[in-house]
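The values are calculated or read from the model by the stated rules, or taken from the named source; none is laboratory data. Just so you know, these numbers come straight off a predicted model, no measurement behind them. Every residue, glycine as well, gets a Cβ built from its backbone with ideal geometry; the counts of neighbours run over all protein chains shown. Note: areas computed on protein heavy atoms with side chains; ligands, DNA, RNA excluded. Shrake-Rupley method; radii C 1.70, N 1.55, O 1.52, S 1.80 Å.
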Amino acid sequence: MSHLQFIAKASSSLLTGLLALLLAAFSPASSAQQPASAIFAAGCFWCAQTNFEKLPGVIRIEAGYIGGHTINPTYEQVRSGTTGHAEAVRITYDPARISYRQLLDHFWHNIDPTTNNRQFCNLGTQYRTGIHYLNDIQRQEAIASKIALEQSGVLRHVSPPVAVASSDYPPEFQLEAQRHAEADAQAEASQTEPGKVATEIVPAGTFYLAEERHQAYHHKNPLRFKIYRLQCGRDARLNHIWGNGQNK
C-alpha cells in the first residue's frame, strides 16, 4: 500500500467514525428519556395530588375521571356514582429520576387497598382504587406488585373501617359519608379475606380532565383542604394500615 493510499484509507475511517458518533449523539436511543405517564385511582383526587407531587421526578399531576361510560363527565355526575367513573390522577414523570415501580410503591402506601368502593370517608364506586396501566410493562409490574403485597402479609392486621356518621362532618365536607352507605361498606369489609388487595388493575381507558377548580385544590384552598383531610380520617387510617408515619 502506498503512502497516499494509507492516508486516504485512514481519513475515510476517521470520517466514518465521526459520522457514527454524530448519529449516536442525535439518535432517540441516546437522547434523554422522554417523560412517561401513569394513571392511578386513589380515592379522592384532591388528596392523591398532594401525595404524588412531592416525589422527585414527578413533572405534572392532573386530576380527572376514568373507567366510566359517560362522555365528558362533570364532577357532579361522577360524584353521584352514576357514570361508572373513578376519581383518578394522571402523572407525568421523568423515568430517569423515578421509576414506575417506585410510583406503584408510593401508590400502595397512600391508599387503603383492603376496601372495595371506598377510601376513608368517601364511599361509592367513584372512590374505588385502581391501577390503570398504559402498556404491557406497566401491567406486569402492577400485577407483580399486587401479588408481592398480598404475599408479604403486611395487610393481615388491618381491621375493617370504623363506622362514620355523616353528622360528624360539616355540610361542605359530607361528600358520600351517608349512614346507609356506611352499613354497606361494613358488610362488604366483613366478607373480605384478611390480607387481600381489593384494588383493580385494568387497561386505561379515556382519561377526562376534571374541572379547573379541582386541579391543585390543596393549593387553591389550603385551609378547607386540611380540614377535609383531617376529618375524613385518611392519615389516621393510613397509619393503622402501614404503621405510624409509614405512609410516604
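Here are the numbers for this structure:
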| read-out | value |
| --- | --- |
| Projected label distance in nm at residue 135 and residue 240, using a 7 Å step from Cα toward the beta-carbon | 4.0 nm |
| Overall form of the stretch 62-127 per C-alpha gyration tensor (a/c, 1.5; a/b vs b/c) | oblate |
| Most to least packed among 202-214, 73-85, 122-134 [average Cβ atoms within 10 Å] | 122-134, 73-85, 202-214 |
| Surface accessible to a 1.4 Å probe, residue 54 within the full protein complex, Å² | 120 Å² |
| Accessible surface of the stretch 78-170 [probe 1.4 Å, protein heavy atoms]: carbon and sulfur percent | 51 percent |
| FRET efficiency, residue 55 to residue 156 (Cβ-Cβ, R0 25 Å, nearest 0.05) | 0.35 |
| Fully extended contour minus Cα-Cα distance, from residue 96 to residue 218, at 0.36 nm per residue | 41.2 nm |
| Length-normalised contact order for the stretch 52-147 - Cα pairs under 8 Å, 6+ apart - percent | 25 percent |
| Per residue, in Å², the accessible surface of the stretch 194-235 once ligands and nucleic acids are set aside, probe 1.4 Å | 55 Å² |
